[in-house]
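Worksheet: one structure, shown below.
The values are calculated or read from the model by the stated rules, or taken from the named source; none is laboratory data. Worth saying up front: this structure is predicted, and the values here are computed from it rather than measured. Cβ placement follows ideal geometry from the backbone for every residue including glycine, while neighbour counts extend to all protein chains displayed. Areas reflect the complete protein model, heavy atoms only, side chains present, ligands, DNA and RNA absent. Shrake-Rupley method; radii C 1.70, N 1.55, O 1.52, S 1.80 Å.
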Amino acid sequence: MRKLLSVVVWTLLCCSLSIQEDIFTSIGQMTDLIHTEKELVQSLKEYIQAEESKLAAVKSWANKLDSLTRVSSSDPEGFLAHPVNAYKLMKRLHTEWSQLESLVLQDPSEGFISNISTHRPFFPDEEDEKGAAKALMRLQDTYQLDSESFSRGKLPGLHSNVLLTVDDCFDMGKTAYNDGDYYHSVLWMQQALRQLDMGEDALASKATVLDYLSYSVYQMGDLPRAIELTLRLVALDSGHQRAGANLRYFERLLSKQLTEVKQSELASFEEPIQIGTYARPKDHLPEREVYEALCRGEGVKMTEKRRSGLFCRYHDGNRNPRLLLRPMMEEDEWDSPRIVRYLNALSHDEIETIKQLAKPNLARATVRDPKTGVLTTANYRVSKSAWLEGEDDPVVARVNQRIEDITGLTVETAELLQVANYGVGGQYEPHFDFSRKDEPDAFKRLGTGNRVATFLNYMSDVEAGGATVFPDFGAAIWPRKGTAVFWYNLFSSGEGDYRTRHAACPVLVGNKWVSNKWIHERGQEFRRPCGLTPGN
């Protein structure tokens, strides 16, 4: 009953990482789309082969009848004087042309249409596509990637031939535009225009791109450049109705600057609009700049002097019998608050088992709105998760036991093992794992007290991004497959340690799998005795 309550309450309280979209939030589940697309490509190739066979047969008929009709039409009476010719004419028109009609009317696409119709319900929808676009913009912001490098596949530590076309960039900009996000609309419309100016072919016209770009620039408060772009649009399409109206509107707002914009200057267009040209709009997160800098590996506040005080050691869990013969390798990651990393916390086989157990249950999760109590999605948490009980598999039970052995804390009152898989731009913005004083009933129904500690397993390496960062004291912990990190969320007095506010940085390149155990206060009375001094 206790474990059932744990599942229900945790689902209501925190669940796991989600955004408005469902499919792209988990790389593990997106792999199914790869196999589906491969199957559809094979089906498409079979359809093309069938169409080519059909067309070859029709061409053969056409060539044969073309030769025949040239002879017959040159002397119709002479041709029909031969009884065989007369018979074959009757036969052709009655039988063979009917066969040709049937051949032409055959539809080789039926198999392909049937196949794609079967898979269509599982395809990403419009919201998924929009979510993927927003994820790329999130990566662009966090890792300060200019649109040109992004469109050319030049990501930190990775150079690939995966390119964004003009139409890809235009669609990115249009997604931002439709959301009123003119900052990103400018960046991506500018890139679309740049690639068009370089001669790249596209469905989107230069006039259309200029239309969106000029208005987005105006919304960013740059009237001189908005006028310049609009003049370029008018020069390109003098009959563009909206451009003329916009230009007249801009003239009224900025008549003085308008006189300084000369037609001759259009050929020497201003410097491209890049990240930093305009101020990025502020959002809900107070420590946004610090958080994103740590994600990039900047601003880490571990000096050489402090680093010299960090050590590695063998850890036997206070002579725990299961760790005496094979102690854990423990490394200090941070001194205050203390964060430690355990090497070889999970084996490759254990990781694969946990992933396979979790995959069928990975689901878009919700969070509880603290004001209304209603379950809702949250843009600051982007992943999919599943929950595993010890009874699900001996591996899960063994991992739970290992966490208890390592930490010295009972997991009898802990929450289930949560497995999370991050997708495109997957992240979890700065948050606390423990409940604060303004939410005293957060774990009331569990009856196990507050979350005293967090044990986080890294189940994959991540090529770029995906660090766990602590903005308050400037720490960045990077994923290493098979390792785990551990920290206390509460002081021994039971007061929350507000320094432990942390975040999971967006995954730039790679596939991030983690599992975590939230350990609660109840049952720890003799394992971690309470202190009497607040803040200790």
Criterion first (modelled with pLDDT under 90 and either open to solvent by less than 50 Å² (accessible area, probe 1.4 Å) or under 25 Å from Arg280 (Cβ atoms) (or both)) does Ala135 satisfy it? yes
Tell me which residues, restricted to region 176-206, are open to solvent by 20 Å² or more (accessible area, probe 1.4 Å), in contact with an Asp or Glu (Cβ under 9 Å, 6 or more places away or on another chain) and among the hydrophobic types (A, V, I, L, M, F, W, C). Ala202, Leu203
Per the filter on region 211-229, residues open to solvent by 10 Å² or more (accessible area, probe 1.4 Å) and among the aliphatic types (A, V, I, L, M) are Met220, Leu223
May I ask you to list the residues in region 398-416 that are out of contact with any Lys or Arg (no Cβ under 6 Å at 6 or more places or on another chain) and either free of Cβ contacts under 8 Å to residues at least 12 places away in the same chain or not β-branched (Val, Ile, Thr) (or both)? Arg398, Asn400, Gln401, Arg402, Glu404, Glu412, Glu415, Leu416
Identify all residues within region 366-420 that are modelled with pLDDT of 90 or more and among the basic types (Lys, Arg); write none if there are none. Arg398, Arg402
Tabulated pairs, region 218-241, first in contact (Cβ under 8 Å) with a residue 24 or more places away in the chain and closer than 13 Å to Leu253 by Cα, second of a type in the set (S, T, N, Q) and open to solvent by 50 Å² or more (accessible area, probe 1.4 Å), C-beta under 7 angstrom, 6+ apart or interchain: Leu223/Gln257; Pro224/Gln257; Ile227/Gln257
Within region 97-161, considering only helices (runs of 4 or more DSSP H) that don't extend past its boundaries, which have at least 2 residues that are within 23 Å of Glu52 (Cβ to Cβ)? 97-105, 110-119
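Residue by residue, here is whether (1) polar (S, T, N, Q); (2) out of contact with any Lys or Arg (no Cβ under 7 Å at 6 or more places or on another chain); (3) over 24 Å from Gln418 (Cα atoms) holds:
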position	(1), (2), (3)
Arg307	no, yes, yes
Tyr314	no, yes, yes
Glu333	no, no, no
Pro360	no, yes, no
Positions within region 147-175 being open to solvent by 40 Å² or more (accessible area, probe 1.4 Å) and either aliphatic (A, V, I, L, M) or on the phi > 0 side of the Ramachandran plot (or both), in sequence order: Gly157, Leu158, Val162, Leu163
Enumerate the pairs (first residue in region 62-77 and in a helix (DSSP H, G or I); second residue anywhere and open to solvent by less than 90 Å² (accessible area, probe 1.4 Å) and at pLDDT below 85) with beta-carbon separation below 7 Å, excluding pairs fewer than 6 apart on the same chain, so at least 6 apart or on different chains. Val71/Phe79; Ser72/Phe79
May I ask you to list the residues in region 408-436 that are more than 18 Å from the chain's Cα centre (by Cα) and of a type in the set (Gly, Ala, Ser)? Gly408, Ala414, Ser435
Counting only residues that are more than 30 Å from Leu532 (Cα to Cα) and open to solvent by less than 10 Å² (accessible area, probe 1.4 Å), give me the strands (runs of 3 or more DSSP E) lying completely in region 403-521 with at least 3 of them. 417-422, 512-520
Give me the residue from region 285-301 that is part of a loop (DSSP other than H, G, I, E, B) and in contact (Cβ under 8 Å) with a residue 12 or more places away in the chain and, out of that set, nearest to Ser336 (Cα to Cα). Lys301
Cβ-Cβ below 7 Å, separation at least six or inter-chain, first residue in region 427-443 and acidic (Asp, Glu), second part of a loop (DSSP other than H, G, I, E, B): which pairs? Glu429/Leu285; Glu429/Tyr380; Asp433/Asn489; Glu439/Pro370
Looking only at region 511-523, and only at residues there that are at pLDDT 95 or above and among the polar types (S, T, N, Q), the one that is nearest to the chain's Cα centre (by Cα): Ser515
Selection from region 403-454 of residues in contact with a strand residue (DSSP E or B) (Cβ under 7 Å, 6 or more places away or on another chain), among the β-branched types (Val, Ile, Thr) and farther than 13 Å from Lys517 by Cα yields Thr448
Subset of region 271-301, residues in contact with a Phe, Trp or Tyr (Cβ under 7 Å, 6 or more places away or on another chain) and exposed (fewer than 15 other Cβ atoms within 10 Å of the Cβ), comes to Arg280, Pro281, Lys301
Do the conditions hold for Glu251, that is, is it charged (D, E, K, R) and at pLDDT below 90? yes
